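Right, one structure below, let's go through it.
The values are calculated or read from the model by the stated rules, or taken from the named source; none is laboratory data. Bear in mind the structure is a predicted one, so any value in this text is a computation, not a measurement. As a convention, Cβ positions derive from the backbone with ideal geometry for all residues, glycine included, and neighbour counts pool all protein chains shown. Heads up: the accessible areas ignore ligands, DNA and RNA and are worked out on the full protein's heavy atoms, side chains in. Shrake-Rupley method; radii C 1.70, N 1.55, O 1.52, S 1.80 Å.
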Amino acid sequence: MASAVKESRPGYGQLLRTPGAWTFLLPGFLARQPFAMLTIGIVLLVESTTGSYGTAGTVSAATGVAMALFAPQGGKLADRFGQRAVLLPGVLVHVAGVAALITLALSHAPLWALLAVAVPTGASTPQVGPMVRARWASRLGGSPLMPTAAAFESVTDEFTFVVGPVLATALCTGIHPAAGLIAEAALTLAGGLLFASQRRSQPPVHRAAAGDGPRVSALSIPGVRVLIVAFLGIGAVFGGMQVSLTAFTQNIGQPGINGVLYGIFAGGNMLAGIACGAIAWKVGPRRRLLVAYGLLALATTPLWAVTAVPLLGAVGLVVGLCIAPALITGYTLVESLVPATARTEAFTWLTGAVALGQAAAATAAGQLADGFGPSAGFLVPLAGTALALTVLLALRAHLLPRSSTLIVGSAPASSATAGGRASRDTETGPLDACEPAADALAQGSREGDNGRGVGHRTPVTVD
């Protein structure tokens, strides 16, 4: 009995004992830190040289937009030609772009010059997080450890947003305004090259063979487009909090506590992520996403009215606690919506959506802080999450797993499809926080719509 329980509820310890996992986990963790350091480093450097949060937010936004637009293309190339082939040139271009941006900012170059360099800098940002997820999927296949891996990666992303902004802020305020970006470039170079050197764990490429049908694009799936909107709202929280906290602490004459306040916010995010991965959920991921997103929008409501540092830290902690469930559940859903051949692309679309939302929020929050005071920037996270929640509620039907078939009633059903694939009803059993996994069973869930029990079945490939 004990062994059966252990097998059905694999834990983090078992996951980390996967052969070869540490060969890409440690370099991956190092290489993904710059993702959380780049925008805040740009804001702090450009604000110190121009004296304008609006200008700093605009340059940061250009970087984020370029990252969001080019990241999915990098994901496509990684699926087709391998991660190493994409990482090596990308790392070198990114480091050169950061160096040029630092030089221009310190030389008080005009805004157009900063924007011209910010675009290739953002476009070449290595998308290590999606690549690590793809390596887990390749190594574990249909193992029950895949949901645990999805939770672990989401927690790692949250931890990145704890360490990265705090480190960048400490370097910029304690050493030199450019120190944060210098550290970002150094970590990108060292971590990116080390991660690219791990060839054995690299997932196989998916080159199109003669006679194959058209390649499925992740963006062509309606559910992915809905999740992109949700992740744009989450990015608005990150970007709005970064700029607004910076402006708030500068305004009260305590710039050094900016990193502490943002660390509290990101720390709540990480703690909630750990808890989310440990809970055996009894409701489906679609409903969990809607509930978590509603709580996130509600938590951002009082930010703009807070004037005391301790209270702002407490509210920021609550906001952080509400982000992780929405973020993790979004990744859970995309793994059931997207086929394996486009999964890296799908992950990069979501990562890019966070970056784009972060960039837009940084611009808007900067303009509001310049024109109406630092507290006005906190309206941006509220507006972003409220708009995204509206879209989620309106288009929630698109978040059902691909190939799902609704079954009205309680009688189980199964059938065989023409391609030798079997279907089975998977309504029983609690859903883990990070199910369904890549290439694993896409488990169905009961979601009571209009007071009726409605389930769905998911085709399962029989090898």
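Just the accessible area per residue of segment 37-130, please: how many Å² with a 1.4 Å probe?
Details: 3100 Å² over 94 residues.
In whole numbers, segment 37-130 has 33 Å² accessible per residue.
Protein chains only, probe 1.4 Å: how do ILE257, ILE323, ILE182 rank by accessible area, largest first? Don't skip to the answer; put the middle values down first.
Values: ILE257 40, ILE323 0, ILE182 95 Å².
Heavy-atom accessible area, descending, gives ILE182, ILE257, ILE323.
Could you give each residue of segment 59-74 its phi-based ³J(HN,Hα) in whole Hz, using Karplus coefficients 6.51, -1.76, 1.60 with θ = phi - 60°, and x for Gly or Pro?
With the stated coefficients, segment 59-74 comes to 5, 4, 5, 4, 5, x, 5, 4, 4, 5, 6, 8, 4, x, 5, x Hz.
Can you put HIS94, HIS398 in order of accessible area, largest first, using a 1.4 Å probe? Each step should come with its number before you reach the end.
On the way: HIS94 0, HIS398 85 Å².
Accessible-area ranking of HIS94, HIS398, largest first: HIS398, HIS94.
Take the Cβ-Cβ distance between VAL93 and VAL163 as r, set R0 to 35 Å, and report the resulting FRET efficiency rounded to the nearest 0.05. If you can, show how the numbers build up before the last one.
Working: r = 25 Å, r/R0 = 0.70.
Computed FRET efficiency for VAL93 and VAL163: 0.90.
Just how far, in whole angstrom, is segment 110-183 from segment 324-395 if you go by their alpha carbon centroids?
Cα centroid to Cα centroid, the span is 16 Å.
Please work out how much accessible surface SER336 shows to a 1.4 Å probe, ignoring ligands, DNA and RNA, in Å² rounded to 10.
Surface accessible to solvent at SER336 totals approximately 10 Å².
Could you pull the Cα extents of segment 254-320 along its three principal axes, largest to smallest, in whole Å?
Reported extents, whole Å, longest axis first: 45, 22, 12.
Would any residue of segment 363-383 have its amide N under 18 Å from a label point 7 Å out along Cα→Cβ of LEU115? List them or say none.
363-368
For the charge dipole of segment 36-173, defined by +1 on Lys and Arg C-beta atoms and -1 on Asp and Glu C-beta atoms about the Cα centroid, which residue among THR173, GLY51, THR160 has the Cα displaced farthest towards the positive pole?
THR160
Take the Cβ-Cβ distance between PHE81 and ALA397 as r, set R0 to 35 Å, and report the resulting FRET efficiency rounded to the nearest 0.05. Spell out each step's value before the answer.
Values: r = 36 Å, r/R0 = 1.02.
So, using R0 = 35 Å, E works out to roughly 0.45.
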